[in-house]
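Report on the following structure.
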Amino acid sequence: MPIRVVFCDMDGTFLTRDKRVLGENLALLDRLAEKSVPFVPCSGRIWRGLPAEVLAHPATRYAIGSDGAVVMGLHDAPATAPDTASADERPAMRLHLSSMGVRRTRELYERVRDLPVTFDVLWDGRVYSERRRLELLSTFPIEPHDLRTIMSLRTPLDVDVPTLLESLPDVERVTMIWADDATGAAALAAAAADDTLHCTSSGPTNVEVMDLATSKGSAARWLCSHLGVAPADAIAFGDSPNDLSMAPAVGTFVAMANASPDVKAAATCVSAHDCDHAGVARHLAPLL
C-alpha cells in the first residue's frame, strides 16, 4: 500500500528521551517533503509547543495537538485567518476542534481543588497553570529534562483556575500531574466522576482529561477524511497510552521499541529501534 500520510507522536517517539530531534528523523522529513507525503505530529503537547524544527519543516503541513482536541493547518493559512499565530511565528489555522469546555473544566477543578496536583488548562496553543501548583513540580520525582520541557510550555498565573476560566472562551483539555499513587488515584477518580469525559496519559504520574470524543485517533480520522486519504493508506507511530487510539484509525500502527507493553500489544508491528536511535526514520525510510 502507498503511504499517503504519516501520523507521529513526538515525546518518546520522534524525539529522544531527552527531547532532541535526531538528524536521521529530520532527513526523513526531507524525504517526505520530496514525495509530498504530509508528516503530522500528533502530541499531547499544545501545537505551539512542538519542536520548532518540526513545525517549520515543509513536510509538516498539519499538526494534531492537545491529544487530538485540535487539528491545525500550517504554512498555508492566510495572514488574517482566525487563530493565526503572531507575526514572529509561522502561520497556522485551526481546522478542527473537539473541546472539553469551560463548564466541565470548572467542575473538575472543584473536585480536585484540595489535591496536591497541577491543573493545566490548554487553550489556543497555550497551557495556563496556577503558579502555586507549578511550584509543586520541583518536589515531584520528575526527570530534569522532562521538568524543563513541562516548565517551558506553561504560562504561570497568579490567579486561580476559576478566575482564569472567566476569561477563556473554551478549553481544549486539562492535564494533572502528581507525586504519589494515592494522589493519582484521587485525581483519576475525580475525572471519572464525569462520564462525558475520558482520560489518557503519557506517563505514570499524569492524566490528560478531555471530551469523550477527543483522541489522537479521532483527529487522525478527521484529517484523513479532510485530505481525502483512505485510513488504510496512513501510518502512525507511538509509544504511550495516549497513542493507542491511533491504532484502529490507520492502516499501520507502529510501536516504538521503547513503547509500553499495551502499545506494543495493539500495534501492527514494533520498530526494531527506540526513540534514541531514530526508530521512526529507520522503520519508515525503507517503505517510501
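Listing for the model above:
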| quantity | calculated |
| --- | --- |
| 0 to 90° range, to nearest 10: angle between helix 144-153 axis and the chain longest Cα axis | 80 |
| Residue-count net charge about V127 - beta-carbon cut-off 15 Å; Lys, Arg +1, Asp, Glu -1 | -1 |
| Angle in degrees between helix 181-192 and the longest Cα principal axis of the chain, rounded to the nearest 10 | 80 |
| Residue with peak Gaussian network fluctuation, the chain [Cα springs, cutoff 10 Å], from T196, T252, T118 | T196 |
| Gain in span if fully extended, T155 to A33, counting 0.36 nm per residue against the direct Cα distance | 40.6 nm |
| 0 to 90° range, to nearest 10: angle between helix 23-34 axis and the chain longest Cα axis | 60 |
| D180-E107 pseudo-label distance in nm [points 7 Å out on the Cα-to-Cβ vector] | 3.0 |
| Pairwise centroid distance, computed over Cα atoms, of the range 92-114 with the range 1-76, Å | 25 |
| Relative packing of peptides 63-70, 106-113, 170-177 - highest average C-beta neighbours within 10 Å first | 63-70, 170-177, 106-113 |
| Neighbourhood charge, 12 Å Cβ-Cβ cut-off, centred on L153 and excluding it, Lys, Arg +1 and Asp, Glu -1 | +3 |
| Mean separation of Cα contacts under 8 Å, 6 or more apart, over the residue count of the chain: relative contact order % | 20 |
| Rounded, prolate or oblate (a/c below 1.5 giving rounded, otherwise prolate when a/b exceeds b/c) for the range 166-288 by Cα gyration tensor | oblate |
| For the range 151-288, share of DSSP beta bridges that run antiparallel, in % to the nearest 5 | 55 |
| Percent of beta bridges antiparallel (DSSP, the chain, rounded to nearest 5) | 55 |
| Stretchable slack from S225 to S167, in nm (0.36 nm times residue separation minus alpha-carbon distance) | 17.5 nm |
| Segment A193-H277, length gained on full extension (0.36 nm per residue, minus Cα span) | 26.2 nm |
| Alpha-carbon gyration tensor eigenvalues x 5, square-rooted, for the range 213-268, Å | 20, 12, 7 |
| Debye log10 I(q)/I(0) for the range 123-186, one point scatterer per Cα, at q = 0.29 Å⁻¹ | -1.36 |
| For K264, K216, order by how many other beta-carbon atoms lie within 10 Å, fewest first | K264, K216 |
| Order of Y62, Y128 under a 10 Å beta carbon neighbour criterion, fewest first | Y128, Y62 |
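Values quoted throughout were computed directly from the atomic coordinates according to the rules given, and no laboratory measurement underlies them. Please read all numbers here as calculations on a predicted model, not as lab measurements. All Cβ positions, even for glycine, are placed from backbone atoms using ideal geometry, and neighbour counts span all protein chains on display.
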